[in-house]
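Here the structure comes first, spelled out in structure tokens, and everything after it is commentary.
The values are calculated or read from the model by the stated rules, or taken from the named source; none is laboratory data. None of the values given here were measured: they were computed from a predicted structure. Please note: Cβ atoms are built from the backbone with ideal geometry, for glycine as well, and neighbour counts cover all protein chains shown. Ligands, DNA and RNA are excluded from the accessible area calculation, which covers all protein heavy atoms including side chains. Shrake-Rupley method; radii C 1.70, N 1.55, O 1.52, S 1.80 Å.
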Amino acid sequence: MPISRCPVAPPHTADPTAPTPETLSYSLTLPAALASPSLARAATREVLKTHNLHDMLDPALQAVGELTATAAQFTETPTFYLSLRYRSATLRLIAYDSHPRHTQPHLATACDTRRRAALRVLACVCRACDGTWGFGEAHEPGGGTRMWATLPRAGATTYGRATGRGC
């Protein structure tokens, strides 16, 4: 019988604690493909249900779809990145794409205008939920652009009701 060179793995018991909103912390690397927004929404739907955040589904899925569609459109690499976090009663969504921020002012303004137009539905969703959104330079390794949305749970649970906060 051959001897393994691998050390014996210590026994690790999976945490039996049920997921809660406060433990929601996921990161996805997605292909820059037309199917990615749909995949991201499906994954987000299951994550939110698992973490008992059913009441945030509609605005969260709309926001994830907008962020990932824009990231897939702008990225210059085969993949882009999506982060989902829940902290302080707020769902935080961040998408990173590889499109660099322009240093020439005219190009930067034109590119920002295109990106802002691509995210106009996201702006409406965030406004309706009393959240925030934006984009700017990604300071992570590799650079590119960081887009984000924050959806406070209190505002997200009333999303879709006639409150006058939308667009």
Nearest 0.05, what FRET efficiency do ALA110 and LEU39 give at R0 = 30 Å with Cβ-Cβ as r?
0.50
From zero up to wherever the largest Cα-Cα distance of segment 89-144 sits, split into 10 Å bins and tell me the percent of pairs in each.
20, 46, 29, 4
If I model a spin label as a point 7 Å beyond the Cα along the Cα-Cβ vector, how far apart are those points for GLU140 and THR17 in nm?
2.5
Compute the longest continuous run of the chain that contains no exposed trypsin sites (Lys or Arg not before Pro); treat a site as exposed when its DSSP state is not H, G, I, E or B and it has at most 12 other Cβ atoms within 10 Å.
6-160
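Where the accessible area of the chain is counted over protein heavy atoms with a 1.4 Å probe, how much of it, in %, is carbon and sulfur? Could the numbers behind the result be given before it?
Details: 5610 of 9670 Å².
Solvent-exposed carbon and sulfur of the chain make up 58 percent of the total.
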In terms of the ratio Rg/(2.2 N^0.38 Å) built on C-alpha atoms, what value belongs to the chain?
1.22
Each residue of segment 97-113 in turn: what ³J(HN,Hα) in whole Hz from Karplus with 6.51, -1.76, 1.60 and θ = phi - 60°, glycine and Pro shown as x?
10, 8, 5, x, 6, 7, 8, 7, x, 5, 5, 4, 5, 5, 5, 4, 5
How much net charge surrounds SER83 when only other residues with a Cβ under 13 Å from its Cβ are counted (Lys, Arg +1; Asp, Glu -1)?
+2
Largest first, how would HIS102, HIS51, HIS139 line up by accessible area (1.4 Å probe)?
HIS139, HIS102, HIS51
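Rank these residues by their accessible area, most exposed first, probe 1.4 Å: THR29, THR90.
Final ranking, largest accessible area leading: THR29, THR90.
Explain nothing, just the number: dipole magnitude of segment 32-167 about its Cα centre with +1 on each Lys and Arg Cβ and -1 on each Asp and Glu Cβ, in debye rounded to the nearest 20. Each step should come with its number before you reach the end.
Numbers: 16 positive and 10 negative charges, 68 e Å.
For segment 32-167, the charge dipole is close to 320 debye.
Can you list the GluC sites (Glu not before Pro) in segment 18-126 that are in a DSSP coil and have 12 or fewer other beta carbons within 10 angstrom? Walk me through the numbers on the way to the answer.
Working: sites: GLU22, GLU46, GLU66, GLU76; in loops: GLU76.
The qualifying sites are GLU76.
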